[in-house]
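The numbers here are math on the coordinates, done by the rules we state, and not lab data. No experiment lies behind these values; they were computed from the predicted model shown. Glycine gets a Cβ as well: all are built from the backbone with ideal geometry, and neighbour counts include every protein chain shown.
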Ligand SMILES: CC(C)(COP(=O)(O)OP(=O)(O)OC[C@H]1O[C@@H](n2cnc3c(N)ncnc32)[C@H](O)[C@@H]1OP(=O)(O)O)[C@@H](O)C(=O)NCCC(=O)NCCS
């Protein structure tokens with residue numbers, strides 16, 4: 001999913017994250033039968049905003065091309081948010097692709113004003129986004 005949806009299916013790119021195997025990393029998948037169609041990984045993180053909150057970073061949010069727009073991404077993200085909240089996580093953040101900001105906003109994430117930047121990995125425009133899982 002990371003390679004196909006997020007890295008142009010470049011066969012030369014194997015895309016592990018150095019934190020993938022750490023005990024504190026959490027990986028969520030959405031399945032249609034045996035087929036993985038949504039991926040999302042969460043890693044403990046220093047909070048870039050609301051510094052006192054227990055914070056995880058979302059990375060590699062992706063829905064496979066042929067099933068985008070069916071609500072699957074939102075469903076997996078909602079499941080993950082509920083699970084993380086139950087584990088004591090208070091806030092999530094991510095570098096959101098600008099082309100996907102409408103998705104995140106539709107499920108309650110907020111953009112940090114003035115945080116637009118180019119990803120050093122993909123050179124695509126991104127914006128810092130976050131969501132509090134506990135009261136304001
Ligand atoms: C962005 C992505 C994860 C969304 O997943 P999805 O399963 O297609 O999204 P859903 O069908 O659950 O959409 C939920 C809502 O977000 C909206 N939405 C989805 N993608 C959107 C986009 N790119 N821009 C604006 N709105 C979007 C949907 O219209 C829907 O709105 P509704 O509830 O009013 O109907 C998926 O399109 C994707 O993998 N895109 C390519 C990779 C990518 O950009 N990943 C994010 C990296 S930060």
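Pairs of C-alpha atoms in region 1-81 farther apart than 19 Å represent 44 percent of all such pairs. Averaging Cα coordinates gives a centre for region 1-58 and one for region 60-128; these two points are 11 Å apart.
Would you please classify the overall shape of region 44-136 from the alpha carbon gyration tensor, given that a ≥ b ≥ c denote the square roots of the eigenvalues, rounded means a/c under 1.5, and beyond that prolate means a/b larger than b/c while oblate covers the rest?
oblate
Largest GNM mean-square fluctuation among 63, 99, 55, using the chain with Cα springs under 10 Å: 99. Of the residues 59, 19, 70, the one that moves most in a GNM of the chain with alpha-carbon contacts below 10 Å is 70. If R0 is 41 Å, the Cβ-Cβ spacing of residue 8 and residue 52 corresponds to a FRET efficiency of close to 0.55. Comparing 91, 116, 57 in a Gaussian network model of the chain (Cα springs below 10 Å), the most mobile by mean-square fluctuation is 116. From its DSSP helices (H runs of at least four residues, each -39,500 (n - 2.57)), the chain gives a residue-normalised ellipticity at 222 nm of -5500 deg cm²/dmol.
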